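The values are calculated or read from the model by the stated rules, or taken from the named source; none is laboratory data. Bear in mind that the values here come from a model prediction, so they are computed numbers and not experimental data. Cβ coordinates were reconstructed from backbone atoms using ideal geometry, including for glycine residues, and neighbour counts include every protein chain displayed.
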Amino acid sequence: MHTIRSQGFTLIELLVVIAIIGVLSAVVLASLNTARSKGNDAAIESNLATIQTQAELYYNDTSSSGGNNTYGTAASSATTGTSLAVGTGNMFVGNTTVNKAVNSALSASGVAGVYAIGVNGQSYAIAIPLKTNSATSWCIDSTGGSKVEPSATPAIGGGTAVAACPQ
């Protein structure tokens, strides 16, 4: 008697393979989204580090142009949008490099941040929410400090007070 041999996969075998591929692709996509958010956080931290360096150059340049060393006109905390317009008055809007770094950090975050220039323009602080947890912010200030703050928009002073990241 002749026996007939099947020359392919059964429907059950194909469905099992498709299910395994689906599970693996879901895991990979979840990992990619996490990696993308962490990359945005690194971009925020890197841009704010650039601002710290440029702020000191701006501070020194204001005295070489005949003025006092300053970060600009004192202003109380100002909430930024997802981009900050170029203008005059302080280093965040008046210095092209600082302005571009702020806008890059805001773009990576996707939400508004907060910045301040302190009394007599002698201090500054800026905080931008992180992408992985928008309830926290990366904050830098004129003391050279940089740290994670547990608030999306921390109170950083400014105006008639010293601008600094909360202690």
Of the listed residues (Ala127, Ala135), the one being closer than 21 Å to Pro150 by Cβ and part of a loop (DSSP other than H, G, I, E, B) is Ala135
Ser25 fails exactly one of (1) surrounded by 10 or more Cβ atoms within 10 Å (Cβ to Cβ); (2) at pLDDT below 95; (3) closer than 30 Å to Met91 by Cα, namely (3)
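Is it true that some residue in segment 140-162 is polar (S, T, N, Q), touching a residue at least 12 places away in the same chain (Cβ under 8 Å), touching a Leu at 6+ places or on another chain (Cβ under 8 Å) and surrounded by 13 or more Cβ atoms within 10 Å (Cβ to Cβ)? Write out each step before concluding.
Kept after step one, since they are polar (S, T, N, Q), are these residues of segment 140-162: 142-143, 146, 151, 153, 160.
Subset that is touching a residue at least 12 places away in the same chain (Cβ under 8 Å): 142-143, 146, 151, 153, 160.
Now restrict to residues that are touching a Leu at 6+ places or on another chain (Cβ under 8 Å): 146.
This time we only want the ones that are surrounded by 13 or more Cβ atoms within 10 Å (Cβ to Cβ), so: 146.
Scanning segment 140-162, I find at least one residue that is polar (S, T, N, Q), touching a residue at least 12 places away in the same chain (Cβ under 8 Å), touching a Leu at 6+ places or on another chain (Cβ under 8 Å) and surrounded by 13 or more Cβ atoms within 10 Å (Cβ to Cβ), so the answer is yes.
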Of (1) over 13 Å from the mean Cα position of the chain (by Cα); (2) surrounded by fewer than 22 Cβ atoms within 10 Å (Cβ to Cβ), Val98 satisfies every one except (2)
Every listed condition ((1) in a helix (DSSP H, G or I); (2) closer than 24 Å to Asn40 by Cα) holds for Ala116 save (1)
